1. Return only the number of the condition from (1) farther than 24 Å from A207 by Cα; (2) among the aliphatic types (A, V, I, L, M); (3) at pLDDT below 85; (4) not in a strand (DSSP E or B) that M155 does not satisfy.
2. Can you find, within region 281-300, the residue that is least open to solvent (accessible area, probe 1.4 Å) among those that are part of a loop (DSSP other than H, G, I, E, B) and without any contact (Cβ under 8 Å) to a residue 24 or more places away in the chain?
3. Do we find a residue being of a type in the set (V, I, T), open to solvent by 70 Å² or more (accessible area, probe 1.4 Å) and closer than 30 Å to D273 by Cα anywhere in region 313-332?
4. Within region 224-253, restricting attention to residues that are of a type in the set (A, V, I, L, M, F, W, C) and open to solvent by 100 Å² or more (accessible area, probe 1.4 Å), which residue is modelled with the lowest pLDDT?
5. Taking the stated definitions as given, is P351 open to solvent by 70 Å² or more (accessible area, probe 1.4 Å) and either more than 30 Å from I245 (Cα to Cα) or modelled with pLDDT of 90 or more (or both)?
6. Can you pull out every residue in region 105-129 that is within 24 Å of C226 (Cα to Cα) and without any contact (Cβ under 8 Å) to a residue 60 or more places away in the chain?
7. Which of the residues that make up region 130-152 are farther than 20 Å from P196 by Cα, assigned to a strand (DSSP E or B) and in contact (Cβ under 8 Å) with a residue 60 or more places away in the chain?
8. Check F161 against each of (1) surrounded by 13 or more Cβ atoms within 10 Å (Cβ to Cβ); (2) farther than 18 Å from S220 by Cβ; (3) among the aromatic types (F, W, Y) and name the one condition it does not meet.
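The values are calculated or read from the model by the stated rules, or taken from the named source; none is laboratory data. Note that the coordinates shown come from a computational prediction; the quantities given were computed from them, not determined experimentally. Neighbour counts are summed over all protein chains in view; Cβ atoms, including those assigned to glycine, are modelled from backbone coordinates with ideal geometry. We work out accessible area using only protein heavy atoms, side chains counted, and drop any ligands, DNA or RNA first. Shrake-Rupley method; radii C 1.70, N 1.55, O 1.52, S 1.80 Å.
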Amino acid sequence: MFDPKGSLTRLRLKEREWRRYSKSRELPFGPQNSQEFDVCLSDNPNPGSPQENTGGRGPKLEFVFVMQCFILGQLLHGNIVLTTLTALNVVVHMEPTMKYPFNIRSFFTDQEMKDISSGLVIWCGYFQSVRPTIRQLLVNVNISTGIMYKAGNLMDLCLMFLGCLNNLCIEVGSSALIPLELCMVPPGQIMWKQLPLEKTKDVVEFATNIITGLFVLQYSQLEYVCQFGMHVEDITGSLTVTACIFQPPTLKYGVGSTQPTITPTNGAWNMIDKWFFRAASIDRWIVVVYERQQRFNPQAAQDMIDGMLKSFRDVGIHITDGNVNKPMVTWQDGQGRIGDHPQLIPHFGHPISGTS
């Protein structure tokens, strides 16, 4: 599916700092298998003049090994397999990240997009990864979403956020001020801040209705994929595999449940009115509050206790302590440890370790 040979080369930028990169052919390094280059870091139009500052030794390229891609099918030589897969992933990622906005995992296109108001737009995104499978390699593609600032006049964008403006300017550099109406927001500007909670529903609805096909990826037209000798079969669309649905196991509940057994449907089941098959008993219990009493007062603690007791009863957990409804409640230092609180030991009759 791709050329059986590719070479891995190390690039040393300076002492003890190496970077790896791959080529679809071996570079002519000669018998030393390495080459060092002098790089001019000066703007001097006369290279080699005394005024020129070369910045010391230039980068050094060093041949490492030839990647034989057939070993991927054998899954042998762990480090070589991982290095080869990394190289192939770099190849499929390279061109999309040069053409489209991207984050650490995905790249985003405006082939499908949705305006969610407040100056924000959702773009469809794709995460790609090359994965080894039985007798072949697959490109796994996951759908994602990216939140972009709406392209257009910056004044309009600010109005969507603030509602009104009064002679605002943006500062460029240390002193230049430019009126908002003269500034434009280009497409594809990712919003790196946390998404407002009220927009979460819009993102979920968009993500569940993405219909763009694999034609956006266009592997056969990607220059880096072709030059590296890779061929991704995407003419027929995504891969179709044969699968089967296993009958889920029957769940058995404890005596006292409204339904003693139940078979999950579509991976879901309901614990309402169901008891644990073998519920535990709690002999003694206390409540330790690691918060100031002014913020979590006795009434709040009792409400929490009542809620826990109801949850215990709902699933068949029995508490044998005579003070079941009124356990000991104590407020302790939030930075402390239970074992360091001697006043808790008499209640249990032995030291307690750990934190809660």
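1. The single condition M155 does not satisfy is (3).
2. The qualifying residue least open to solvent (accessible area, probe 1.4 Å) is N297.
3. Checking region 313-332: at least one residue is of a type in the set (V, I, T), open to solvent by 70 Å² or more (accessible area, probe 1.4 Å) and closer than 30 Å to D273 by Cα.
4. Looking at the filtered set, the residue picked out is I235.
5. For P351, the condition - open to solvent by 70 Å² or more (accessible area, probe 1.4 Å) and either more than 30 Å from I245 (Cα to Cα) or modelled with pLDDT of 90 or more (or both) - is met.
6. Residues satisfying the conditions are R105, S106, F107, G125, F127, S129.
7. Within region 130-152, P132, Q136, L137, L138, V139, V141, I143 meet the criteria.
8. (1)
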